[in-house]
Amino acid sequence: MRTVLVILPASEVRRNEREAIGAAQAVARELGGSVCVAFIGPTSEIRGLHEEDSRAPEAEIERLLVVAHPHLEPYAPELYVSASEQLLSAVRPDVILFPGGTIALEIAPRLAHRIGAAIVTDVVGLRSEGVPSGSCEEKALVLIKPVYGGKAHAVLVAPRPPVIVCVRPRAFDPFDGRLLRSHVRSVEVVLDPSAARAHLVERIREASTMEVPLEEARVIVSGGRGMGGPEGFRWLQELARRLGGTVGASRAACDAGWVPASWQIGQTGKKVAPDLYIAVGISGASQHVVGISKAKCIVAINTDPKAPIFKIADLGIVGEYQKVVPALIAEAERLYEEHPA
Amino acid sequence: MRIVVCLTQILDPEIPPSEFRLDPERKAAAEGVGRLVLNIFDENALEVALQLRERLTERVEIIALTVGPPSAADVLRKALSVRADGAILIVAPEGVSLNGFVVARLLAAAVRKLQPVDLVLCGREAGDWHGGQVGAFLAEELGWAGVSFVARVEVEGGGFLMRRQSDEGWEIIRATRPAVATVTNDETNVPRLPKVRDTLLAARAEIPMWMASELVGDQEKLWTVGAPLEVREMFIPSDSRVCEMIEGETIEEKAARLIQELRRRRIL
């Protein structure tokens, strides 16, 4: 039996956390093993856990742990790495999973270096394969990640356990079961605050102007270099508002300073999975496309009929966005008058 | 203050997917599908260093480093062309696998040799493997502060204030000096273009080479550091989407047909 540990540097169960647990269940199914979920943070009060429920008494996750220590507030990378390292000696996992997100991507490689483990970031798929081990056969974990900006996928095998896996957001089905508060066990760690060489002093929220975060949005209207400036994004916001969605951007639009960097979608921005993604004035560079591959329907609006975005879109309109977007706003308005949501 | 910027050479990420091919033997991009360029996030890191040098009253010296074959000197020339003060090529023996663990160990040895160093900057990830690990490994190797996804760096007292990208926006991180930071892009660190004269000077510059064998004593141990992965295969993912172009006499007609089509497909 293998042990699959999910390390969640969080005090809340959100979509990224559920996806990491979902990926861990897939690992456990493939290799044969059990899943252990551990939260690391300043408090043992985890938001999003379920209270005891007689209708679903059995635990779907074998072990639920929390590593809570007051020195984990404010955030200091070294102390999270140290807490994770101590957690490993308590759990002794074969596979360690981290969710997507900047905190996990900051601490996971440092943990890998400290324990001499292989690490694969941005994992989008996994399976197992049989490898001969003496007279019998063992199962090895095979991991898949995009490389070359998403133009290719690499299939990787770690030489020996443990292996650290950072899951790409919106690549795995989220765990849809219940994490019961009564099952939580705490793990004690010893942290030396003088080991912290960096710590958080301020958080600046720069969410989209819409209420729905990009990763959760059902509809995203996104603008790129073809927008030509920040002004046109007001139309994109208007269209997004009428469709009940939010606004995103390509790296080119963010680098130009037209919109905040937190709107960036793509390989090094947000990974999104909306029902509808409308790409306006976006050429379709693979580093952008890789962030939207999970969208159910991609609509491309571009003046250049040869733009690569049309190769990966489901529906396309060739035209100037200054004309197409206002026409779509009018149509969307008519639609919601006829079929109020 | 001395700033070391770590650079890496990658296949040009801008080559279109239609021209991209794999070499199944090497399990990598086929040679010749595109030129080799400086990793874009390393350009952002270089820009952060250059702006610090311009802003600070104290003397700032910027040294660019890369690990690779002699041809990797091209990325160092790029750094010199935007007026890095110095550049050093760390030459690894041919035929060895330069995984992140090995690269970080070599860079750490070079940084120690360059001491005193106050700040090491790397790109947040390379545009070929998207590992995002070398900077973090380097912080561990050196035992220094390590902050990832940094877009801006300020000197504050004896340490640094770094503006770090978070999932919800930004975070300000206070880090001790010396520190390692991995740099992400924002509108303040868009790489500058070199002047023609500086490009010509950089092309002629003598680039010092440090041999890996001189930097790290125990070579046998170096090539077995960490836990490298085995690349089983590489494939080009197929996208099964087929684009239906919405036609119409007028833009209004196209817009109406698009909304109808989205309704028909039960997207709206």
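The values are calculated or read from the model by the stated rules, or taken from the named source; none is laboratory data. On a predicted model such as this, the values are computed, not experimentally measured, just so you know. Glycine gets a Cβ as well: all are built from the backbone with ideal geometry, and neighbour counts include every protein chain shown. Ligands, DNA and RNA are excluded from the accessible area calculation, which covers all protein heavy atoms including side chains. Shrake-Rupley method; radii C 1.70, N 1.55, O 1.52, S 1.80 Å.
Remarks
- Test: residue in region A:147-165 that is open to solvent by 40 Å² or more (accessible area, probe 1.4 Å) and out of contact with any strand residue (DSSP E or B) (no Cβ under 9 Å at 6 or more places or on another chain): no
- Region B:53-82 - residue that is in contact with an Asp or Glu (Cβ under 6 Å, 6 or more places away or on another chain) and either surrounded by fewer than 23 Cβ atoms within 10 Å (Cβ to Cβ) or among the polar types (S, T, N, Q) (or both) and, of those, farthest from B:GLY135 (Cα to Cα): B:SER81
Matching residues to (1) under 20 Å from the mean Cα position of the chain (by Cα); (2) more than 7 Å from chain A (Cβ to nearest Cβ):
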position: B:ALA104; (1), (2): yes, yes
position: B:LYS113; (1), (2): no, yes
position: B:VAL117; (1), (2): yes, yes
position: B:LEU121; (1), (2): yes, yes
position: B:GLY132; (1), (2): yes, no
position: B:GLY143; (1), (2): no, yes
position: B:SER148; (1), (2): yes, no
position: B:GLY158; (1), (2): no, yes
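- Check on A:ALA171, open to solvent by less than 40 Å² (accessible area, probe 1.4 Å) and part of a strand (DSSP E or B): no
- Being closer than 27 Å to B:ASP167 by Cβ, more than 24 Å from the chain's Cα centre (by Cα) and part of a helix (DSSP H, G or I) is not true of A:ARG334.
- Yes/no for B:ASP239 being surrounded by fewer than 16 Cβ atoms within 10 Å (Cβ to Cβ), among the charged types (D, E, K, R) and either more than 10 Å from chain A (Cβ to nearest Cβ) or touching a Phe, Trp or Tyr at 6+ places or on another chain (Cβ under 8 Å) (or both): no
- Scanning region A:109-137 for residues that are within 8 Å of chain B (Cβ to nearest Cβ) and either in contact with a strand residue (DSSP E or B) (Cβ under 7 Å, 6 or more places away or on another chain) or part of a helix (DSSP H, G or I) (or both) yields A:PRO109, A:ARG110, A:ALA112, A:HIS113, A:ARG114, A:ALA117, A:ALA118, A:ILE119, A:VAL120, A:THR121, A:ASP122.
- Residue match in region A:177-194 (condition: among the β-branched types (Val, Ile, Thr) and out of contact with any Leu (no Cβ under 9 Å at 6 or more places or on another chain)): yes
- Cβ pairs under 8 Å, 6+ apart, first in region A:177-203 and free of Cβ contacts under 8 Å to residues at least 24 places away in the same chain, second among the acidic types (Asp, Glu): A:GLU202/B:GLU171; A:ARG203/B:GLU168; A:ARG203/B:GLU171
- Search result, residues across region B:135-147 that are open to solvent by less than 10 Å² (accessible area, probe 1.4 Å) and either among the acidic types (Asp, Glu) or assigned to a strand (DSSP E or B) (or both): B:ALA145, B:GLY146, B:VAL147
- The C-beta contact set for region B:22-38 (first residue within 11 Å of chain A (Cβ to nearest Cβ), second residue among the β-branched types (Val, Ile, Thr) and open to solvent by 80 Å² or more (accessible area, probe 1.4 Å), distance under 8 angstrom, 6+ apart or interchain) comprises B:LEU22/B:ILE236.
- Looking only at residues in region B:119-133 that are more than 18 Å from B:ARG2 (Cα to Cα) and out of contact with any Leu (no Cβ under 7 Å at 6 or more places or on another chain), the one that is surrounded by the fewest Cβ atoms within 10 Å (Cβ to Cβ) is B:TRP129.
- Among (1) open to solvent by 10 Å² or more (accessible area, probe 1.4 Å); (2) within 22 Å of B:GLU125 (Cβ to Cβ) - the single one A:TRP258 does not satisfy: (2)
- Within region A:254-279, the set of residues being within 18 Å of A:ASN302 (Cβ to Cβ) and touching a helix residue (DSSP H, G or I) at 6+ places or on another chain (Cβ under 6 Å) comprises A:GLY266, A:ALA279.
- Per the listing B:ARG152, B:ARG174, the residue uniquely open to solvent by 20 Å² or more (accessible area, probe 1.4 Å), of a type outside the set (A, V, I, L, M, F, W, C) and over 20 Å from the mean Cα position of the chain (by Cα) is B:ARG174.
- Residue among B:GLU230, B:GLU252, B:GLU244 that alone is open to solvent by 40 Å² or more (accessible area, probe 1.4 Å) and closer than 30 Å to A:LEU143 by Cα: B:GLU230
- Residue in region A:45-66 that is under 23 Å from the mean Cα position of the chain (by Cα), buried (at least 24 other Cβ atoms within 10 Å of the Cβ) and of a type outside the set (Phe, Trp, Tyr) present: no
- Of the numbered criteria (1) facing chain A (nearest Cβ under 10 Å); (2) farther than 30 Å from A:GLY316 by Cα; (3) out of contact with any helix residue (DSSP H, G or I) (no Cβ under 6 Å at 6 or more places or on another chain); (4) surrounded by 16 or more Cβ atoms within 10 Å (Cβ to Cβ), the one B:SER166 fails is (3).
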